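Before any comments, here is the structure.
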């Protein structure tokens, strides 16, 4: 059994990746820390074979490396679209995936690292596969640029109030837009929306290209239970 810790400040992404990995018979999620402190606590107290960690947590890389080396835990970095994979590999991590990655690639990356191999996700190499994502293409064509921006913000874990601020509109307009998006895609809530994006590379790439205010992406600090998981906020 491959034990995995998912350390990321975005609740929706944590929950989405956890749901993708949890259906695999050989993979078990043992922790989902949402802050740097929770991540270090999880690494100290939980036995994990793979740490999937947001690039935003890597200012603590020396502490991460020390704890993972003691447990023989492999490090899989979750990078932003503007990050260079080579820089992370040079730091000494074993794998890199981007937020545009789909569920199949995440599973493959985790298994490869658990076997002692390396894995680097290369988004630009997926153009051929994107063209074959007919469902993703059809859904993308139904969505306006505003709706696509709202989806990107939901996947990044923003609440309605924060989405309203980023899109310069009201919370009620955001709620109405989300209901319209749910109807167009055929999902019922934010988590299902995030999972749909994760499974369709056309939408994953489209949302990854949306410009987001990086200042609002900074994780909140605080130490609580190592395996804490926040429930995505309601519409």
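The values are calculated or read from the model by the stated rules, or taken from the named source; none is laboratory data. On a predicted model such as this, the values are computed, not experimentally measured, just so you know. FYI the Cβ positions are ideal-geometry reconstructions off the backbone, even for glycines, and counts take in every protein chain you see.
Figures for the structure shown
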{"item": "Those residues of the range 146-159 which are closer than 17 Å to residue 15 by Cβ and either without any contact (Cβ under 8 Å) to a residue 12 or more places away in the chain or over 14 Å from the mean Cα position of the chain (by Cα) (or both), in sequence order", "result": "159"}
{"item": "Residues satisfying the stated conditions in the range 148-173, i.e. part of a helix (DSSP H, G or I) and over 25 Å from residue 54 (Cβ atoms)", "result": "171, 172, 173"}
{"item": "Scan of the range 1-21 for residues that are in contact with a strand residue (DSSP E or B) (Cβ under 9 Å, 6 or more places away or on another chain) and either assigned to a loop (DSSP other than H, G, I, E, B) or over 19 Å from residue 109 (Cβ atoms) (or both), ordered by number", "result": "1, 8, 9, 10"}
{"item": "Residue match in the range 48-58 (condition: closer than 21 Å to residue 193 by Cα, touching a helix residue (DSSP H, G or I) at 6+ places or on another chain (Cβ under 9 Å) and free of Cβ contacts under 8 Å to residues at least 40 places away in the same chain)", "result": "no"}
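Listed here are the residues, each with its yes/no results for (1) surrounded by fewer than 19 Cβ atoms within 10 Å (Cβ to Cβ); (2) within 27 Å of residue 7 (Cβ to Cβ); (3) assigned by TED's automatic domain parsing to the domain that holds residue 206.
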{"position": "146", "(1), (2), (3)": "yes, no, yes"}
{"position": "155", "(1), (2), (3)": "no, yes, yes"}
{"position": "164", "(1), (2), (3)": "no, no, yes"}
{"position": "173", "(1), (2), (3)": "yes, no, yes"}
{"position": "181", "(1), (2), (3)": "no, no, yes"}
